Each structure stands twice: as C-alpha cells, then as structure tokens.
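Reading through the structure tokens given below for one structure.
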Amino acid sequence: MDPVDVKILGILQRNGRLSNLELADMVALSPSACHRRVKLLEESGYIDGYHAVLNAKKLGFDIQALIDLNIGQLSEAEHEYFTREIGLMPEVVSAYIVTGETNYVLLVRTRDFEEFSQFVVNRLNKLKGVTKICSQIVLSELKPLSGRVPL
C-alpha cells in the first residue's frame, strides 16, 4: 500500500460511484493502471464492497436508538445463539461487543416509538441471558455512522 492507494481508498469511500476514468484523473494515473490498483485493493480485502447509503427518515424509520445490553454468563452455544438472534433482527442496524459496564451496544432503527417499544419488550427482553437493557433514543444525528476510515 502506497500513498496513491491510500488516496484511491479515501476518494472511493467518499464517492464509490465515480467512474474509473474520473478516479484515474483524480489520482493522476492512466485508467488501466487505476483499474488494476482498485482490483488489487478489492482482492486484498481493503475494499469490502460498494453500497448505497439510504435515508432512513425518508423511508419512514423515525426512531434511532442506542441500546446497551448486559447478559449473564452464557455457554459458548448460548452466546452463539444470542449473537445469531441479534443478527437476524432487522431493527438492529449494527451491533458491537464492548468493554466497560455493558457487554453489547446495538444501534436500532424503527418506524415509531410503538414499534421500538414492542421490539425491546417482546424481542430483546426475551432473549436468553439478557439481564439489563438501557435504551437511549437519538435526538439528533451530528455525524452519521458510515463505516468511514479517517484517510
């Protein structure tokens, strides 16, 4: 990885829809050399994929919340079940195992507060091992989660 590769990654994470020709111009490479570098970055795992960033509000998802979860001691099989269940919940946009006072932090989106309440009470609260749920409703998003790396 050299400075040109880093520049390519920075440009692509800001706008993954650039044509190869536009990208090549921005990094001062020929289109064929630029294309080879991008392919190598993809094959080497530096680029995981390309996707659209959707507008959740416009799609009717008005509630965004962070949920701190604590779970009791689980066997390995129970932990695998727990993480699999979290992964199957469409309301969970992202999930993390963290250090500190909580075991997990979930980012959740729902259409309204009623749907959020039903999700917490009837789905999360019923997962085996959950000992504590602490929800924080997001009032305003200052810098959206996008998976960006500070290049």
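The values are calculated or read from the model by the stated rules, or taken from the named source; none is laboratory data. Computed from a predicted structure; not experimentally measured. Cβ placement follows ideal geometry from the backbone for every residue including glycine, while neighbour counts extend to all protein chains displayed. Note: areas computed on protein heavy atoms with side chains; ligands, DNA, RNA excluded. Shrake-Rupley method; radii C 1.70, N 1.55, O 1.52, S 1.80 Å.
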So which residues in the stretch 82-136 are open to solvent by 70 Å² or more (accessible area, probe 1.4 Å) and in contact (Cβ under 8 Å) with a residue 60 or more places away in the chain, if there are any at all? Thr131, Lys132, Gln136
Go through the stretch 29-54 and give me each residue that's open to solvent by 90 Å² or more (accessible area, probe 1.4 Å) and either touching a residue at least 40 places away in the same chain (Cβ under 8 Å) or outside any helix (DSSP H, G or I) (or both). Tyr46, Asp48, Tyr50, His51, Val53, Leu54
I need the full set of residues from the stretch 84-117 which are in a helix (DSSP H, G or I) and of a type in the set (Asp, Glu), in order please. Glu85, Glu114, Glu115
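Just to be sure, is Ala77 out of contact with any Leu (no Cβ under 7 Å at 6 or more places or on another chain), small (Gly, Ala, Ser) and in a strand (DSSP E or B)? Quick ask: steps written out before the conclusion?
Numbers: out of contact with any Leu (no Cβ under 7 Å at 6 or more places or on another chain): yes; small (Gly, Ala, Ser): yes; in a strand (DSSP E or B): no.
No, not satisfied.
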Those residues of the stretch 10-26 which are surrounded by fewer than 18 Cβ atoms within 10 Å (Cβ to Cβ) and more than 16 Å from Ala52 (Cα to Cα), in sequence order: Gly10, Asn20, Leu21, Glu22, Asp25, Met26
Between a first residue in the stretch 1-28 that is in contact (Cβ under 8 Å) with a residue 24 or more places away in the chain and more than 15 Å from Lys39 (Cβ to Cβ) and a second residue that is surrounded by fewer than 16 Cβ atoms within 10 Å (Cβ to Cβ) and of a type in the set (S, T, N, Q), which pairs have beta carbons less than 9 Å apart while being 6 or more apart in sequence or on different chains? Gln13/Ser146
Got a number for residues in the stretch 137-151 being without any contact (Cβ under 8 Å) to a residue 12 or more places away in the chain and charged (D, E, K, R)? 1
